[in-house]
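Trainee: Can you keep this structure in mind? I'll have questions shortly.
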Ligand code: HEC
């Protein structure tokens, strides 16, 4: 069939346009200024170490509300303190979430899927826009340890305070080594000088 030249020209320019979109896509792999990268990565490493060391102190048969308050609550509080002190947005997001406010946004879902399909990938920086502000978004894998299983393992074995307090809980049935979710940090370009991060 004869294709009019105008159609071909249109197709060619469309292809160029689409390639351009691809280049400016928010999933582009890149890295922020050194100081931002160092501060965010250190802050998230220490947040993750805090959770893992708290979870490691758990005595499995006696997991009650008090125990939880020594594990996940301080992690969430510290994440918010970091966010306020540095002008960042700090989140813990999961596909199988316990707290519905930790549901993945569409961009985080793409990042999560990358971690799910690439077991060797531990973290990732992308350029993006949040609430009209341009900046850098950091995502880091959260891995399930055996110490997490008392609360994120078999459904029936979850502590009573979890079963009662989180009726829409999806964050169970994990095994050691599974991808539990991601830490996400957004650093707007307009954020204060980050040459020294405020971790607390
Ligand atoms: C004592 C029980 C307990 C243990 C142990 C525990 N968690 Fe949690 N976890 C919870 C509860 C309860 C929440 C919901 C907190 C909230 O309401 O914000 C939660 C939330 C989370 C979240 C936020 C996303 C979501 O699902 O809401 C992540 C990520 C997470 N836990 C990972 C871990 C990891 C990794 C470990 C082991 C290193 C672990 N947890 C150990 C009880 C626990």
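The values are calculated or read from the model by the stated rules, or taken from the named source; none is laboratory data. What you see is a predicted model, and the numbers here were worked out from it, not measured in a lab. Backbone-built Cβ (ideal geometry, glycine too); neighbour counts: all protein chains shown.
Trainee: Quick one: what pairs do we get from segment 159-171, first residue within 20 Å of residue 144 (Cβ to Cβ), second near the ligand (Cβ under 10 Å from one of its atoms) and not in a helix (DSSP H, G or I), C-beta under 6 Å, 6+ apart or different chains?
Mentor: Pairs found: 159/63; 166/98; 169/98; 170/96; 170/97; 171/96; 171/97; 171/98.
Trainee: Test residue 126 against the stated conditions and say whether it is in contact with a helix residue (DSSP H, G or I) (Cβ under 7 Å, 6 or more places away or on another chain), surrounded by 17 or more Cβ atoms within 10 Å (Cβ to Cβ) and under 30 Å from residue 84 (Cβ atoms).
Mentor: no
Trainee: Additional query: Could you grab me the full set of residues in segment 116-140 that are in a helix (DSSP H, G or I) and within 23 Å of residue 34 (Cα to Cα)?
Mentor: Matches in segment 116-140: none.
Trainee: OK, next. So is residue 146 under 26 Å from residue 83 (Cα atoms), surrounded by fewer than 16 Cβ atoms within 10 Å (Cβ to Cβ) and within 16 Å of the ligand (Cβ to nearest atom) or not?
Mentor: no
Trainee: Which condition number does residue 101 fail, the rest of (1) outside any strand (DSSP E or B); (2) touching a residue at least 12 places away in the same chain (Cβ under 8 Å); (3) within 15 Å of the ligand (Cβ to nearest atom) being met?
Mentor: With (1) outside any strand (DSSP E or B); (2) touching a residue at least 12 places away in the same chain (Cβ under 8 Å); (3) within 15 Å of the ligand (Cβ to nearest atom) applied to residue 101, the lone miss is (2).
Trainee: I need the full set of residues from segment 55-87 which are assigned to a helix (DSSP H, G or I), near the ligand (Cβ under 8 Å from one of its atoms) and either modelled with pLDDT of 90 or more or surrounded by 14 or more Cβ atoms within 10 Å (Cβ to Cβ) (or both), in order please.
Mentor: Answer for segment 55-87, where residues must be assigned to a helix (DSSP H, G or I), near the ligand (Cβ under 8 Å from one of its atoms) and either modelled with pLDDT of 90 or more or surrounded by 14 or more Cβ atoms within 10 Å (Cβ to Cβ) (or both): 55, 67, 68, 72, 75, 76.
Trainee: Turning to a different aspect of this structure: Restricting segment 149-167 to residues that are more than 7 Å from the ligand (Cβ to nearest atom) and crowded, with 18+ Cβ neighbours inside 10 Å, which is farthest from residue 112 (Cα to Cα)?
Mentor: 158
Trainee: If you check residue 189 against the conditions, is it more than 8 Å from the ligand (Cβ to nearest atom) and within 17 Å of residue 85 (Cα to Cα)? Quick ask: steps written out before the conclusion?
Mentor: Details: more than 8 Å from the ligand (Cβ to nearest atom): yes; within 17 Å of residue 85 (Cα to Cα): yes.
Yes, satisfied.
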